[in-house]
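Undergrad: Mind having a look at this structure? Questions to follow.
Every number here is computed from the coordinates shown, using simple stated rules; none is lab data. All values reported here derive from a predicted model rather than from experimental measurement. Because the Cβ atoms are built from the backbone with ideal geometry, glycine has one as well, and the counts that use them run over all protein chains shown.
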Amino acid sequence: MARPTHCRNRQCRYYLGGTRGWITRDGYYHTTCSGSVQRYRCRSCGRRLSEQTESIHYSAKRRLNLRRIFTRVRGGSSLRDIARSEGCSPDAIGYAVLRLARQAMAAQISLLLGDGRCTRVVFDGLISCCTSGDYPVELQTLVDGSTELLLVITHALTRRRGTRTAAQRRRMAEKLSLFAPRRGAVRESISLLVGELARFIGTSHTIIDTDYHPIYRAVLRADPALAHFAAGGLITHRRTRSTAHRGTENPLFPVNLVDRLVRHRMKEHTRETIAIARNATMQMHRMWIFAYDHNFCQPHRVASGSPASRGERYGVDPSRLSAIRRSFFTTRIDLKGTMVSESIRRVWSGELESPPVRWRVGQSRNGPRIPAYAMADLNRGHLHAS
C-alpha cells in the first residue's frame, strides 16, 4: 500500500497533486479485509485519506486475486464459472470485473492520447446480443490499419430483424411493449465513433477503410472535422465488399482479425445461445478488458518471436506502458490532465441502454452500481467533445 498522491477534495489546492509534506499521519483504522490501515490528513483542507484511497481494492469487502480473474475473463470464462473456482458469489466477481475494466479504460485513455499517428484506420460492426437473441447488439470497433490496435468501441442496442414465426412475433410484440430500444441507436454509435476518429488522424494523408454499409458514408460526410480533412485532401474513404475473401490482402483484415479474436476469447460472443450478456454495461466492461489485453499485453505477432505488443508498435511510450503494467493490479490509474472520450465516459458511468433480464416482471435496477469514488476518478480527466 502507498501514500496518496493528491487530495480527493476538488476545492483543495492539492487536488491536482501534492508537494512534499502536504499530508501528515493521522492514526490507523482496522478493516476485516485489509487489517490495520494507515490514515493520513491533508494539511490544507483537513480531508482524511488512507493507504487504501488510491488502491484498486478501495472499498472492497473481500480481497480477491484480480490477476487471476483478469486471466479467466480474457480466456472466455463466465462470471459464475470464475465464482465457483474462487469460492465467492458471481456478484463479487462482477464487481471485480468492473474494477479491472475501469483500469483497462484508464490505461487506454492514458496511453493513447490521440496524437494523430494513424495513416490508415478501419472500422466495422460486430453483431452480438444482450439478455436474449431478441435484442441484437452492434459493437462498432475502430482499429489502426497497421498494428490492429483497438482504438474505439461503441455500443448500440437494436431490434431483431429477419424472418420470424408467429410465436416469435407475438413474443417480440410483448417485449417491445415493455422495453423498446431507441430508434437510430446504430447511427448514433457510428457517429460517436466517427467523431472520435479525428483524434487519431494527423497531418499526413489517412485512408479510412469500411464496408458498403450505407450509414458509414453518410456519417463520414456529415462529420465537420472529417469534412475539413477531406477538403484539404488529407483523408480518403475506401470501401470493400464484406463478402470479399478475409485474407491479409483484404483492406478490412485488421478489423476482421479483431472480430475473430473477440469471438474466440469472449464467451458471450462465441455462441450467444449458451452464454448471453445480462447487461450492456457489463458487456462493454468485459470488452475493454479484452481491448487492454489485445493492445498492451499480447504480442503483435506470436510467430515472429518478438514480444512487442500492438501498443508498442503503435508508438506508446515503453516506460509509461511498463509503469502501468507493474501497478495495474494494485493502484488505480490517475486520469489527471487526460482527455476522456465520450464513448468511454458512457461505459464507465453505466449510461448504456440495456433491456431487462426478467422482462415479464421488470427489474428495479438495471445494471451495476457505479461507486462515487469511480466517478471521482473519471472526473479527474477532461471530457473530449466529439
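Undergrad: Relative to the first principal axis of the alpha-carbon coordinates of the chain, what is the inclination of helix 166-178, with its axis defined by its Cα atoms, in degrees from 0 to 90 and to the nearest 10?
TA: Taking Cα atoms only, the helix is inclined about 40 degrees.
Undergrad: I need to check one value: relative contact order of segment 63-112, counting alpha carbon pairs closer than 8 Å and at least 6 residues apart, in percent. If you can, show how the numbers build up before the last one.
TA: Values: 22 pairs, mean separation 16.9, N = 50.
Normalised by residue count, the contact order of segment 63-112 is 34 percent.
Undergrad: Between residue 67 and residue 212, what is the label-point separation in nm under the 7 Å Cα-to-beta-carbon projection?
TA: Using points 7 Å along Cα→Cβ, the separation is 5.1 nm.
Undergrad: Calculate for the chain the 222 nm mean residue ellipticity that helices alone would give, adding -39,500 (n - 2.57) per DSSP H run of length 4 or more and normalising by residue count, nearest 500 deg cm²/dmol.
TA: That calculation yields -11000 deg cm²/dmol at 222 nm.
Undergrad: Please work out the Cα center distance from segment 298-339 to segment 104-119, rounded to the nearest Å.
TA: About 11 Å separates the Cα centre of segment 298-339 from the one of segment 104-119.
Undergrad: Run down the lysines and flag those whose C-alpha is under 28 Å from the C-alpha of residue 61, throwing out any fewer than 8 positions away in its chain.
TA: Answer for residue 61, where 28 Å is the Cα cut-off: 267, 336, listed by chain and number.
Undergrad: What ranking do 137-143, 231-237 get when scored by the average of other Cβ atoms within 10 Å per residue, highest first?
TA: Details: 137-143: 23.4, 231-237: 12.6.
Result, highest mean Cβ count within 10 Å first: 137-143, 231-237.
Undergrad: For segment 168-270, state which trypsin sites (Lys or Arg not before Pro) are in a DSSP loop and have at most 14 other beta carbons lying within 10 Å of their beta carbon. Could the numbers behind the result be given before it?
TA: Working: sites: 169, 170, 171, 175, 182, 183, 187, 199, 217, 221, 238, 239, 241, 246, 260, 263, 265, 267; in loops: 182, 183, 241, 246.
Counting only loop positions with at most 14 other Cβ atoms within 10 Å, the trypsin sites (Lys or Arg not before Pro) in segment 168-270 are 182, 183, 241, 246.
Undergrad: Once amide H atoms are built 1.01 Å from N in the peptide plane, which residues 5 or more positions from residue 152, or in another chain, come under 5 Å H to H?
TA: 142
Undergrad: Exposure proxy check: 172, 375 ranked by fewest other beta carbons within 10 Å?
TA: Numbers: 172 16, 375 12.
The fewest-first ordering by Cβ neighbours comes to 375, 172.
Undergrad: May I pose another question? Express as a percent, rounded to the nearest 5, the fraction of DSSP beta bridges in segment 66-384 (both residues included) that run antiparallel.
TA: 60
Undergrad: For segment 343-351, take each phi angle, set θ = phi - 60°, evaluate the Karplus expression 6.51 cos²θ - 1.76 cosθ + 1.60, and give the result in whole Hz per residue in order, putting x for glycine and proline.
TA: Using θ = phi - 60°, the values come out as 4, 6, 4, 5, 5, 4, 8, x, 9 Hz.
Undergrad: Which order results if 317, 134 are arranged by neighbouring Cβ count within 10 Å, fewest first?
TA: 317, 134
Undergrad: Shifting gears a bit: Quick one: which residues, 5+ away or cross-chain, put their amide H under 5 Å from the amide H of residue 206? H built at 1.01 Å from N.
TA: Excluding prolines and chain starts, which carry no amide H, the hits are 235, 236.
Undergrad: Above 32 angstrom, tally the Cα pairs of the chain and express them as a % of all pairs, no decimals.
TA: 38
Undergrad: Rounded if a/c is under 1.5, else prolate if a/b beats b/c, else oblate: with a ≥ b ≥ c from the C-alpha gyration tensor eigenvalues square-rooted, which is segment 223-345?
TA: Note, shape of segment 223-345 comes out rounded.
Undergrad: Could you tell me what a quarter of the Cα convex hull surface of segment 1-54 works out to, in nm² with one decimal place?
TA: Quarter of the Cα hull surface area: 3.5 nm².
Undergrad: Also, I was wondering about something else. Please report the relative contact order for the chain, taking Cα pairs under 8 Å with a sequence separation of at least 6, and give it as a percent rounded to a whole number. Intermediate values should be presented prior to the final figure.
TA: Numbers: 611 pairs, mean separation 70.4, N = 386.
It rounds to 18 percent for the chain.
Undergrad: Which part of segment 58-97 falls in the paramagnetic zone of residue 32, meaning amide N under 11 Å from the point 7 Å along Cα-to-beta-carbon?
TA: Correct set: 61-62.
Undergrad: For labels at residue 16 and residue 361 in the simple 7 Å Cα→Cβ model, what's the distance in nm?
TA: With each label placed 7 Å out from Cα toward Cβ, I get 5.3 nm.
Undergrad: Another question about this same structure. On C-alpha positions alone, give me the angle between the axis of helix 185-197 and the longest principal axis of the chain, in degrees, nearest 10.
TA: It is inclined by approximately 70 degrees.
Undergrad: Given a cut-off of under 8 Å on Cα pairs at least six residues apart, what relative contact order in percent is computed for segment 1-54?
TA: 36
Undergrad: Right, something else. Let me spell out the model: positive unit charges on the Cβ of Lys and Arg, negative unit charges on the Cβ of Asp and Glu, origin at the Cα centre of the chain. What dipole size does that give, in debye rounded to 20?
TA: Numbers: 64 positive and 30 negative charges, 249 e Å.
Dipole size: approximately 1200 debye.
Undergrad: Counting pairs of Cα atoms in segment 158-275, how many percent are more than 26 Å apart?
TA: 41
Undergrad: So which trypsin sites (Lys or Arg not before Pro) in segment 10-79 pass both tests, a DSSP loop state and at most 16 other Cβ atoms within 10 Å of the Cβ?
TA: The qualifying sites are 10, 13, 20, 43, 61, 62, 63.
Undergrad: Taking the Cα centre of segment 1-54 as origin and charging only Cβ (+1 Lys, Arg; -1 Asp, Glu), how large is the dipole, in debye to the nearest 20?
TA: Charge dipole, segment 1-54, about its Cα centre: 280 debye, nearest 20.
Undergrad: Which of 338, 281 has the fewest other C-beta atoms within 10 Å, and how do the rest follow up to the most?
TA: 338, 281
Undergrad: Another question, if that's okay. If the chain between residue 339 and residue 169 were fully stretched, how many nm would it gain, using 0.36 nm times the residue separation less the Cα-Cα distance? Display every interim value, and only then the final one.
TA: On the way: separation 170, 0.36 × 170 = 61.20 nm, distance 4.47 nm.
Result: 56.7 nm gained on full extension.
Undergrad: Related question: Using only the alpha-carbon atoms, how far is helix 280-292 inclined from the longest principal axis of the chain? Give it as 0 to 90 degrees, nearest 10.
TA: 80
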